[in-house]
Amino acid sequence: MPRESRTVSLSLDGHEIDVAVRRSARARRIAIRIDPAKGGAELVLPLRGSESEGLDFLRSRGSWLLSRLEAMPPHVPFCEGEMLPLRGIPHHIAHDPTARRGVWAEEGRIVVSGRAEYLPRRLHDWLRREARTDIAPRVYAKAALLGKRPAGITIRDQKSRWGSCSSTGSLSFNWRLILAPEDVLDYVVAHEVGHMAVHNHSPAFWRTVDRLTSHARTGRDWLRKNGDRLFRYG
């Protein structure tokens, strides 16, 4: 079984950084990953790989790693006054402790009622519900075009994936899609529904995706350029 990850401190070009070290049964070689959600680096090792060799490899890529970490956008907490994109449109987070309406969006604001210490959790829960509200109808409509019906739809806090489709037809989606423009969310839904019919990324699969959405190319391009930025929120 893979070991639990641990954190090591390294000095790279005069900078002290913390790196998570994790062994993976799926890894075939040493790899360095940038975790956009945590704003840090992860060293992934094969089960039988040498940790010392992995750390040497990481040091050899020190300049590249530092440049990637420095380019990471700053973390944006869920608190009053911060900006948050909702369906790709910037909104201010506002706190109204006297209201009893839960969370709602109006006039460029996302308003959260109740006590301040509950604001992050309430906003997070609301965003997940909004994601399901946007995703589920699209899933059923697109699946029907293929003569399919999903076994289930789950909204998750995935760290590196936007969606997945199991062999049984259960679909999972990242709640952060609600932060992206609607065309991008539509593409991801089409992508995962497409896997209900074609379980690979062959030309037949991409023809299926194009049948389900007109936003495949623009959605892929947007996520490639901007996707990591969505992990800085919350």
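Only the coordinates and a few stated rules stand behind these numbers; no lab work does. What you see is a predicted model; the values in this text were computed from it and never measured. For neighbour counting, all protein chains shown are included, and Cβ atoms are generated from backbone atoms with ideal geometry for every residue, glycine included.
Things to note:
- Members of the range 174-192 found to be aromatic (Phe, Trp, Tyr) and either farther than 14 Å from VAL139 by Cα or not in a helix (DSSP H, G or I) (or both), listed by number: TRP175
- The criterion of being touching a residue at least 12 places away in the same chain (Cβ under 8 Å) and closer than 30 Å to ARG6 by Cβ holds for GLY62.
- Test: residue in the range 79-96 that is free of Cβ contacts under 8 Å to residues at least 40 places away in the same chain, surrounded by 14 or more Cβ atoms within 10 Å (Cβ to Cβ), among the small types (Gly, Ala, Ser) and on the phi < 0 side of the Ramachandran plot: yes
- Qualifying strands (runs of 3 or more DSSP E) (wholly inside the range 88-150; at least 2 residues being of a type in the set (A, V, I, L, M) and out of contact with any His (no Cβ under 8 Å at 6 or more places or on another chain)): 89-96
- Failed item in (1) over 19 Å from HIS124 (Cβ atoms); (2) not in a helix (DSSP H, G or I), with ARG207 passing the rest: (2)
- Taken over the range 190-219, the residue count meeting the criterion of being surrounded by 17 or more Cβ atoms within 10 Å (Cβ to Cβ), touching a helix residue (DSSP H, G or I) at 6+ places or on another chain (Cβ under 7 Å) and among the charged types (D, E, K, R) is 0.
- Matching option when the condition is closer than 28 Å to ASP18 by Cβ and among the β-branched types (Val, Ile, Thr), among VAL44, VAL103: VAL44
- For ARG101, the conditions (1) in contact with a Gly (Cβ under 7 Å, 6 or more places away or on another chain); (2) surrounded by fewer than 15 Cβ atoms within 10 Å (Cβ to Cβ) all hold with the exception of (1).
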